[in-house]
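Novice: There's a structure below that I have some questions on.
Please treat every number below as a calculation from the coordinates, not as lab data. This is a predicted model, so every value here is computed, not measured. Positions of Cβ are generated from backbone atoms using ideal geometry, with glycine treated the same way; all protein chains shown enter the neighbour counts.
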Amino acid sequence: MNPIWTLLPPLLVIPFIIGFGERFRNLREASIIIAGIWLLYLNNQLYNQFVAGNAITSGELPLLAHFSLKLSVEPMGLVFGLLASFLWVVTTVYSIGYMRGHDEKNQTRFYVCFSLAIAGVMGAAYADNLLTLFVAYEAITIATFPLVTHAGTQKAQNAGRLYLGLLMSGSIALLLPAMIWVATAAHTLDFVPGGVLSDVGLSQSATAVLLALFVFGTGKAAIMPMHRWLPAAMVAPTPVSALLHAVAVVKTGVFVLLKVVTYTFGIDMLSTTAAAQYLLPVAAFTVVASSIVAFTKDNLKARLAYSTISQLSYIIMAALLATTMSVTGGVFHIVTHAFGKITLFFCAGAIMVASHKTEISQMKGLGKTMPITMGAFLIGALSIIGLPPAAGMWSKLFIAGGSLEANNLIWIAVLMLSTVLNIAYLMPIAINAFFEPNKPSDQSGAPLANEWQEAPFASLWAIVVTSSVCILLFLFPQPLMSLIGSIQWR
Amino acid sequence: MNTILGLYNYWMVIILMMAGLYILIARYNLIKKIIGLSVFQTSIFYLYITMGKVEGGTAPILTGDPATYSNPVVHVLILTAIVVGVATTAVALALIVRIHETYDTIEDDEIKAIEMLEEDS
Amino acid sequence: MIATQLPALQIIIPLFAAPLIVLARRSELAWIIALVANFLCVLVAWDLFQLVNEQGIIRYSLGGWAAPTGIEYFVDTVNAPLLLLVSSISAIVVAYAYHSVKKSIDSTKHYLFYAAWMLCLSGLLGMLITGDAFNVFVFLEISSLSTYMLIAFGNDRRALTASFRYLVLGSIGASFILIGIGFLYAATGSLNMLDLAQRIPNASSERAILVAFSFISIGLMIKSAIFPLHAWLANAYHFAPISVTAFLAGTATKVSLYVLLRFLFSVFGTQYNFEYLLLNVILLPAAVFGFLIMSVVAIFQTDLRRMLAYSSVAQIGYIVAGISLATQAGITAGYAHIINHALIKTALFMSVGCIIYRLGHAHRPSLDNLIQTMPLTCVAFIVSGLGLIGVPFTGGFISKFTLISASMEKGWWVMGGLVLVSSVLAIIYIGRVVDVMLFRKQRLPNPMPQGRNEAPLSMLVPMYVLIGLSLYLGVYGSETLTVSGEAAKQLLGGFR
């Protein structure tokens, strides 16, 4: 099968979304779910073919003289593609409940941009070379911009401006020259196991500069100081924050870095030179600093946003450590963090819809009225922290193992410190929800009812699915591990 | 001495050219600017004609015996250039008439002042 | 029979259409004649393009007088694509112009407008096709004189002064070229470009060649609005009728750039320019300061036409930067950007034209929330704007990528970086407009009725044809690059 087919469902559904529009909104959303399941099926087909040992590539579209757009399937992309398509279905179900419960405007535009972004993510996941990845990266930026400004308020516009400004200027001013540099030095942009830069004679400082261009140019990976857009983008509707700013968009960022480290530089080249050593402290600083900032935020979505920044830098660290184990952990962490964080965002949205609370200080005792939501929140939190019985533990373990492999214990200390901070900023929310008395909140005035007051069924269903995946991945990591294990390192 | 008198024509070309450019830049009156432009262009015509002149040469008419003759090509070129110059002057004068109609002045500094006001409003 | 006369037909068709239009007088008829003549031009250019690709260089002696005595038309891989480009852009803009002209120009003058347009087109095509140095000057003046006329058709009275100032500067530029050609003739005794290219290395007076070179370069730099000789451009583009601006933005400066390329590389030769004279000491700062300063200036413009005019000067800077590299890759990039920028900028001005058609002006603060009333126009502006920034799948990306990689190849890292800085500036000035169009609540009382109020279809369709064309060249960018690569090879190799 040609991987280009994966672009088809999200693109093909757009005319249906527009055609059905607001008048037939059930049909509109049904068509999106059908497209989502179709996409998931296609990705699964790719997986089966890949496991059967077939090389799967698409045709080429020569965009520039020697460089063309091309898709192909390799383990890392497969993980990302499967993840994004699965979560697209779940998020669509969730957003049906959320958008209607919240009575959002312009839902058709919302779904169109969403589908476009998913098509972009598929292009990124199966990119065969840096140029294709760059094109998909830009496409995602543009497609998600209307989602950030969806609310149309002044705040949303400012956020949109920051979003577009930071991501676009970062990619054009840093990522693009990095790509052109690779093209000039290696005369190829293809992703090759073992990298293409190892024998082109780049000096160590040049390698460090090039790597820095990639790390900072990939604004979506949100390493400090390129992280400003992420908390700002939280003005978007919660499903957007959930799928895009916890999964698709930010993961495209770190995915770019993992791909580049593995297939452009090659992990051997990075682990034998000191080029990455200059950048590791920045990533470590981001991990710790954003955890501390998260601790100070009272708005739940803002806290989750800073938590995302911190978790993304785990993956950046994993990429920069450049050992087989750490990169394995990085790819694994893409998945586990995705499920954990999307659960948390879903919960935040559910709380907002059901009880109109956005601040953490108002959420005490909420476990009595929304037990399912808060239970799922607890599981998600555990996964982010990295405690059993949630999947986050595995990936953190691998990243820590990677830093052992690189003989660098200080990064383990950073991970430990961050874990403590994670506990400090996530656990109280869940604990207070269940064990604090149910106080009437000051803003709403009315005391909370003692009966269940959960979010709409569609949203609740999505929350249950993602949180159970967190546990399932803890119990059965083997299929995912063997897929990641089939990455060709050299 | 020879550099001055022998190249008399070329010195005149330079003087005319600079005079033309000076008028073009220094005068505010649009008509005078166009006069400057014409002087400037005319100096180029001189330059061409001078180039083609051969000492003792005659008009290039085929008389049978190979006489020394001046280069005819430059004359042809300059005929074309003169036509172009006249056309330019005509267009410029037409524009000046229209400018006079709408601005009531043909002084460049006054026009600029009027335009500054317009931009402010 | 016709096939052998194609080079002459390319010029003669628009040249004869002009008096025909004057005779026709009725404005609809005038428009139809202009359109038909223009499409014939496109056909001829397409045939020439194909012929050159198949057979190589076409040499055509005008009136049967053999070169170097007679005037020769010369079509090769450098000018054939540009002939096609210029005639296509003109055809599309003429088709677009009908309603816009009808609304903004007195109906008794339409026939003069279209006649001037045809003259301008034949002048531009002539500059492209001719292989005779003096003939370049003649065609340059034909196109310039008709351009002055076209600009003066503008609604605002400032169009008259803009036209006058352009006339003065343009005439100085043309006269400089004339002086330069005179010196070349004095030193070599020839006007034919091929002949000149062979004679210049053996010329008796090196100083005459140097003087000729300087005058011609400066003259052409004025005509192609290379920073800092761009002063005429902003006012001319701002106050001309918008269809004229769209036409000129895509063609006039590009054709002058072509002539500059022709003289620099084919006539004087790469070695002469860049190794002996170190021309890039002049051209490179002009290019770099051009695209940086003019992008900054563009940010602060509130009128869209003026903003795009300054952006044009900046984009010309990219082209010159490519030229000043003087390598195969650099010239390929510059040439590709001539093509891509011509398409993109024309489309941008056309979308501004649609806005002006409805609003009467293109003042940025009054475009609040325009997407509600003119969605198609706004989408056109945004898509073309992305092309200007250089987003993938647009032509701008292709040429910018090539330009940066060419400058890195030569080791000019700083220039590559500065090109990117100026791209970021482009994000700002395009972004400000997009921001206003999409998100601002109405600030000024809206003179327009509520609801959809698009420009007429006869304006939208040509605009989208052009955008489709530029997107096609963005996706199949290697085609542009192949054509540009051939052109660069031909330029660097001298006349063959």
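Novice: Give the relative contact order (percent, whole number) for the range C:354-414; include only Cα pairs under 8 Å separated by 6+ residues.
Specialist: 14 percent
Novice: Rounding to the nearest 10 and keeping the result within 0 to 90°, find how far the Cα-based axis of helix A:25-51 lies from the longest principal axis of chain A.
Specialist: 40 degrees
Novice: So what is the calculated 222 nm ellipticity per residue for chain A, using -39500 (n - 2.57) for each DSSP H run with n of 4 or more, over all residues, to the nearest 500 deg cm²/dmol?
Specialist: Roughly -22500 deg cm²/dmol at 222 nm, from the helical runs in chain A.
Novice: Further, regarding this structure: Along each of its three principal axes, how wide is the spread of alpha-carbon positions in chain A, in whole angstrom units, largest first?
Specialist: Cα extents, longest axis first: 70, 53, 45 Å.
Novice: Another one. Could you work out the relative contact order of the range A:3-485? I mean the mean sequence separation of Cα pairs under 8 Å and 6+ apart, divided by the number of residues, in percent.
Specialist: Reported as a whole number, the value is 15 percent.
Novice: Right, here's the next one. Just order C:298-309, B:6-17 by mean Cβ neighbour count inside 10 Å, highest at the front, would you?
Specialist: So the peptides C:298-309, B:6-17, ranked by packing, come out C:298-309, B:6-17.
Novice: Same structure, new question: How do the peptides C:180-188, C:373-381, A:308-316 rank, highest first, by the average count of neighbouring beta carbon atoms within 10 Å per residue?
Specialist: Sorting C:180-188, C:373-381, A:308-316 by mean packing, highest first, produces A:308-316, C:180-188, C:373-381.
Novice: Check cross-link reach from A:K368 to the lysines: straight Cα distance under 19 Å, and skip same-chain residues fewer than eight apart.
Specialist: Correct list for A:K368: A:K357, A:K439.
Novice: Would you please give the FRET efficiency between A:I431 and A:S205, computed as 1/(1 + (r/R0)^6) with r the Cβ-Cβ distance and R0 = 51 Å, to the nearest 0.05?
Specialist: On the way: r = 49 Å, r/R0 = 0.96.
According to the calculation, E is roughly 0.55.
Novice: Here's another thing I want to ask about it. How tilted is helix A:249-259 with respect to the longest principal axis of chain A? Cα atoms for both, answer in degrees (0 to 90, nearest 10).
Specialist: On a 0 to 90 degree scale, this one is about 20.
Novice: What does the helix-only formula give at 222 nm for chain C: each DSSP H stretch with n ≥ 4 adding -39500 (n - 2.57), the total divided by the residues, and the result rounded to the nearest 500 deg cm²/dmol?
Specialist: About -25500 deg cm²/dmol.
Novice: Could you run the Karplus curve 6.51 cos²θ - 1.76 cosθ + 1.60 with θ = phi - 60° over the range B:25-34 and give me ³J(HN,Hα) per residue in whole Hz, x for Gly and Pro?
Specialist: The phi angles translate into 8, 8, 8, 8, 5, 4, 4, 5, 4, 5 Hz.
Novice: List C:S311, C:S214 from most exposed to least, where exposure is judged by having the fewest other Cβ atoms within 10 Å.
Specialist: Values: C:S311 27, C:S214 16.
The most exposed by this proxy come first: C:S214, C:S311.
Novice: Given the C-alpha atoms of the protein assembly as shown, compute the convex hull and give its volume per residue in Å³. Can you show the working numbers first?
Specialist: Working: hull volume 206.6 nm³, N = 1107.
Considering the Cα atoms of the protein assembly as shown, their hull volume per residue is 187 Å³.
Novice: So what is the calculated 222 nm ellipticity per residue for chain B, using -39500 (n - 2.57) for each DSSP H run with n of 4 or more, over all residues, to the nearest 500 deg cm²/dmol?
Specialist: Only helices count here, giving -24500 deg cm²/dmol.
Novice: Long-range amide H contacts for A:S68: which residues qualify at under 5 Å (H placed 1.01 Å from N, peptide plane, sequence gap of 5 or more or a different chain)?
Specialist: Amide H to amide H, under 5 Å and 5 or more residues apart or across chains, A:S68 pairs with A:L63.
Novice: Where does each of C:R158, C:R440, C:R25 land when they are ranked from fewest to most other beta-carbon atoms within 10 angstrom?
Specialist: C:R25, C:R440, C:R158
Novice: Okay, next question. Distance from the Cα centre of the range C:46-90 to that of the range C:386-406, in angstrom?
Specialist: Each part's Cα centre sits 29 Å from the other's.
Novice: Can you compute the FRET efficiency between A:I33 and C:R452 using 1/(1 + (r/R0)^6), with r the Cβ-Cβ distance and R0 = 35 Å? Round to the nearest 0.05.
Specialist: 0.60
Novice: Modelled label-to-label distance, C:V424 and B:M18, 7 Å Cα→beta-carbon offset: nm?
Specialist: Between C:V424 and B:M18, the label points sit 4.8 nm apart.
Novice: Which whole-angstrom value gives the distance between the alpha carbon centres of the range A:209-262 and the range A:367-444?
Specialist: With the range A:209-262 and the range A:367-444 each reduced to a Cα centre, they are spaced 21 Å.
Novice: Which value does Rg/Rh take for chain B over its C-alpha atoms, Rh per Kirkwood?
Specialist: Across chain B, the Cα-based Rg/Rh ratio is 1.19.
Novice: With θ taken as phi - 60° and the coefficients 6.51, -1.76 and 1.60, list the Karplus ³J(HN,Hα) couplings across the range C:465-474 in order, rounded to whole Hz; mark glycine and proline as x.
Specialist: 3J(HN,Hα) across the range C:465-474, in whole Hz: 4, 5, 5, x, 4, 6, 5, 4, 6, x.
Novice: May I ask which residue of C:A406, A:F191, C:A212 lies farthest towards the positive end of the charge dipole of the protein assembly as shown, with charges of +1 (Lys, Arg) and -1 (Asp, Glu) on Cβ and the Cα centre as origin?
Specialist: The Cα lying farthest towards the positive end belongs to A:F191.
Novice: So what does the Cα-only Debye profile of the range A:168-262 read at q = 0.15, 0.24, 0.25 Å⁻¹, as log10 I(q)/I(0), no solvent term?
Specialist: -0.63, -1.24, -1.31
Novice: Among the aspartates and glutamates, which have Cα under 14 Å from the Cα of A:K297 when same-chain residues fewer than 8 positions away are ignored?
Specialist: Within the straight-line cut-off, A:K297 pairs with A:E359.
Novice: Could you tell me the distance between the Cα centroids of the range C:322-339 and the range A:146-179, to the nearest Å?
Specialist: Cα centres, the range C:322-339 to the range A:146-179: 31 Å.
Novice: Looking only at other chains, what is the average number of their beta-carbon atoms within 10 angstrom of each beta-carbon in C:160-170?
Specialist: Mean partner-chain Cβ count within 10 Å for C:160-170: 6.
Novice: Next question, about the same structure. For the residues A:I423, A:I385, what sequence is obtained by ranking on other C-beta atoms within 10 Å, fewest first?
Specialist: In increasing order of surrounding Cβ atoms, one gets A:I423, A:I385.
Novice: Starting from the Cα gyration tensor of the range A:114-169, take the square roots of the eigenvalues, sort them a ≥ b ≥ c, and report rounded, prolate or oblate (rounded when a/c is under 1.5, otherwise prolate if a/b is larger than b/c, else oblate). Could the numbers behind the result be given before it?
Specialist: Working: a/c = 5.31, a/b = 2.00, b/c = 2.66.
Oblate.
Novice: Suppose a student asked you for the relative contact order of the range B:1-64, using Cα pairs under 8 Å spaced at least 6 residues apart; what percent would you report?
Specialist: Across the range B:1-64, relative contact order equals 32 percent.
Novice: Within 10 Å, count the other beta carbons around each residue, average over each peptide in A:214-225, B:72-83, and list them highest first.
Specialist: For the peptides A:214-225, B:72-83, the packing ranking is A:214-225, B:72-83.
Novice: Points 7 angstrom from Cα along the Cβ direction at A:I292 and A:N44: gap in nanometres?
Specialist: Inter-label distance under the simple model: 4.7 nm.
Novice: Separate question: By how many degrees, 0 to 90 and rounded to 10, does the Cα axis of helix C:206-223 deviate from the longest principal axis of chain C?
Specialist: Approximately 10 degrees, to the nearest ten.
Novice: Once you average over the residues of A:67-76, how many Cβ atoms of partner chains fall within 10 Å of each Cβ?
Specialist: Taking the mean over all residues of the peptide, I get 1.
Novice: Something else about it: Checking the cross-link filter: which lysines have an alpha carbon closer than 16 Å to that of C:K345, excluding same-chain neighbours under 8 positions apart?
Specialist: C:K254, C:K400
Novice: Can you figure out the FRET efficiency of A:E60 with A:Q488, using R₀ = 30 Å and their beta-carbon distance, to the nearest 0.05?
Specialist: 0.90
Novice: For chain C, compute Rg over Rh where Rg is the Cα radius of gyration and Rh is the Kirkwood radius from the inverse mean 1/r over Cα pairs.
Specialist: Dividing the radius of gyration by the Kirkwood radius yields 0.96.
Novice: For B:81-89, what's the mean count of beta carbons from other chains sitting within 10 Å of each residue's beta carbon? Don't skip to the end; give the middle numbers.
Specialist: Working: counts 9, 0, 2, 11, 5, 0, 4, 10, 2.
For this peptide, the per-residue mean of nearby foreign Cβ atoms is 5.
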